[in-house]
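In what follows, a structure is listed as structure tokens, so that the remarks can point back to it.
The values are calculated or read from the model by the stated rules, or taken from the named source; none is laboratory data. Everything numeric in this text was worked out from a predicted model, so none of it was measured. Every residue, glycine among them, receives a Cβ derived from its backbone with ideal geometry; neighbour counts consider all protein chains shown. In case anyone asks, the SASA skips ligands and DNA or RNA and just uses the protein heavy atoms, side chains included. Shrake-Rupley method; radii C 1.70, N 1.55, O 1.52, S 1.80 Å.
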Amino acid sequence: LEYAGIAPYEMEDDGHWLTQKQTDLFNEILVEKTNNPHISRDAGRFVVLSGSFHTIRQFMIGFLSPAMICAGLERITTHITRGTTFSAQPIASNSYEVIAIPKPGVVEKPYQCDNRLGLLEGLSKSLTDRYAAIDHVECIHKGGKCCKYIMRWEISKLLVWKKIKRYALVLSPIVLFALYILMPSLPHEYIIFSVLILV
């Protein structure tokens, strides 16, 4: 932090944004000290799990699948970066096209692109326990006008059960009401208890 000119209070303040020079120097010293040229991508993968990114996790609690995360990507990324705008379009039930465009006057470095790639991989892992497969089909560092990613993930059993649970939660009041009307002689406690157990 000292090498990058980042004060401890700057790191602790969720509302503070680092300058490009600070992030460049921070990445430089991390690569040197860890001897890992891919540290930016590795760090991006763990953003969602990081204790310092509790704001992102609060958003993610409301999203129950990678597709829902992608649909809310624009809102999530405003808490991560102010230098890039994101958009995401569905391709299939387990695939999205994600586009990142630097804002006017912002000159990104390749390590920031790698960090974004890791972030997209990590978003899927938080829900499916596997990193998403990412194809980086266009890159601003290779002459492109934007960074375009095709993001694909496996549909895990966990996601299927979460979907079933959501439907059960929505349908349970309807079932309870129908049973109350159709079978008024049944003890209501047993019906409610049975539906709750099922959910």
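Looking only at residues of segment 107-132 that are of a type in the set (D, E, K, R) and in contact (Cβ under 8 Å) with a residue 60 or more places away in the chain, we find that the one that is farthest from PHE86 (Cα to Cα) is LYS125. Among the residues of segment 108-127, what is the count of those that are open to solvent by less than 10 Å² (accessible area, probe 1.4 Å) and aliphatic (A, V, I, L, M)? Qualifying residue count for the region: 2.
Filtering segment 109-145 to residues that are assigned to a strand (DSSP E or B) and out of contact with any helix residue (DSSP H, G or I) (no Cβ under 8 Å at 6 or more places or on another chain) leaves ALA133, ASP135, VAL137, GLU138. For segment 7-23, taking the residues that are more than 24 Å from the chain's Cα centre (by Cα) and closer than 20 Å to VAL107 by Cα, the one that is surrounded by the most Cβ atoms within 10 Å (Cβ to Cβ) is identified as GLN22. Any residue in segment 65-72 that is surrounded by 13 or more Cβ atoms within 10 Å (Cβ to Cβ), among the small types (Gly, Ala, Ser) and modelled with pLDDT of 85 or more? No, that holds for no residue. For segment 146-199, taking the residues that are touching a residue at least 40 places away in the same chain (Cβ under 8 Å) and assigned to a helix (DSSP H, G or I), the one that is surrounded by the most Cβ atoms within 10 Å (Cβ to Cβ) is identified as LEU159.
What number of residues within segment 122-165 are modelled with pLDDT under 85 and within 20 Å of ALA92 (Cβ to Cβ)?
Matching residues across segment 122-165 total 16.
Search segment 73-93 for residues being under 21 Å from TYR131 (Cβ atoms) and in contact with a Leu (Cβ under 9 Å, 6 or more places away or on another chain), and hand back the single one that is surrounded by the fewest Cβ atoms within 10 Å (Cβ to Cβ). By that ranking, first place goes to ILE80.
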